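Every number in this text was worked out from the coordinates using simple rules, so none of it is lab data. These numbers come from a predicted model, not from an experiment. Because the Cβ atoms are built from the backbone with ideal geometry, glycine has one as well, and the counts that use them run over all protein chains shown.
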Amino acid sequence: MRLENVAASRRLGHQLGQLLKPGDVLAFIGDLGVGKTTLIQALGQALGVKEEMTSPTFTLIHEYQARDLPVYHFDCYRMESPLEFLDIGGEDYLYGSGVCLIEWADMIEEFLPQDYLRLELSRQEDLSRDLKLGASGSRSKEIKEALEDLEDTGF
């Protein structure tokens, strides 16, 4: 999936946010500055998060209240060990009633639930972004298919 610019990333994030339900886990993977937080911010707005969502690089997690569910935004970039995720109670969040959005999720892949949506972003030479989606279970496959249908209509 090609994201031509920031506006396209925001549109995708907004569409994705409208698809999410309690218990959904999204794993964002990609280099610094590739647009993970931009997608998450648009997604949060679609869910009804009122506060500005910023990357929790130094705190590992920010908790937000959306219209009808909690949203947990993790950033695993500065973790020295995947065990730090467990130390902050990460597994409780993953199996709770909120939506989990995890930047640098490849750092904790061993702790992710069986069913999660993987969003891998990469920067292209023309500054667009390439997004590869991966689904590991029935719920994430449902979300992935809905996004692919939206891509056919140009978001």
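With +1 on the Cβ of every Lys and Arg and -1 on the Cβ of every Asp and Glu, and nothing else charged, how large is the dipole of the chain about its Cα centre, in debye rounded to the nearest 20?
It works out to roughly 460 debye.
Which of D126, D31, D115 moves most in a GNM of the chain, Cα contacts under 10 Å?
Highest fluctuation of the listed residues: D126.
Between D87, D24, D106, find the one with the highest GNM mean-square fluctuation for the chain; connect C-alpha pairs within less than 10 Å.
D87
Using a basic spin-label model with each label point 7 Å from the Cα along Cα→Cβ, how many nm lie between E145 and N5?
3.4 nm
In units of 2.2 N^0.38 Å, what is the alpha-carbon radius of gyration of the range 31-155?
1.06
Lysines near K21 by alpha-carbon distance under 16 Å, same-chain residues fewer than 8 away left out - which ones?
Correct list for K21: K141, K144.
Within 10 Å, at most 13 other Cβ atoms, and a DSSP state outside H, G, I, E, B define an exposed site. Report the longest part of the chain free of exposed trypsin sites (Lys or Arg not before Pro).
No qualifying site falls inside 79-155, the longest such stretch.
For a label point 7 angstrom out from the Cα of D126 toward its Cβ, which stretches of the range 1-26 have the backbone nitrogen within less than 19 Å?
Those under the cut-off are 1-12.
Could I have the simple spin-label model distance between Y95 and Y77, label points 7 Å from Cα toward Cβ, reported in nm to one decimal?
3.0 nm
Helix-only estimate, please: 222 nm mean residue ellipticity of the chain, summing -39500 (n - 2.57) across DSSP H runs of length 4 or more and dividing by its residues, to the nearest 500.
Calculated mean residue ellipticity at 222 nm is -9500 deg cm²/dmol.
Where does the range 1-62 land on Rg/Rh, using Cα atoms and the Kirkwood Rh?
Rounded to two decimals, Rg over Rh is 0.95.
Under a 10 Å cutoff between Cα atoms, tell me which one of G30, G13, G137 has the largest fluctuation in the Gaussian network model of the chain.
G137
Could you tell me how far the Cα centroid of the range 32-74 sits from the Cα centroid of the range 77-136, in Å?
The range 77-136 and the range 32-74 have Cα centres separated by 13 Å.
Which residues in the range 68-83 have a backbone N closer than 12 Å to a point placed 7 Å from the Cα of E51 along the Cα-to-Cβ line?
What the label zone holds, given the 12 Å backbone N cut-off, is 71-73.
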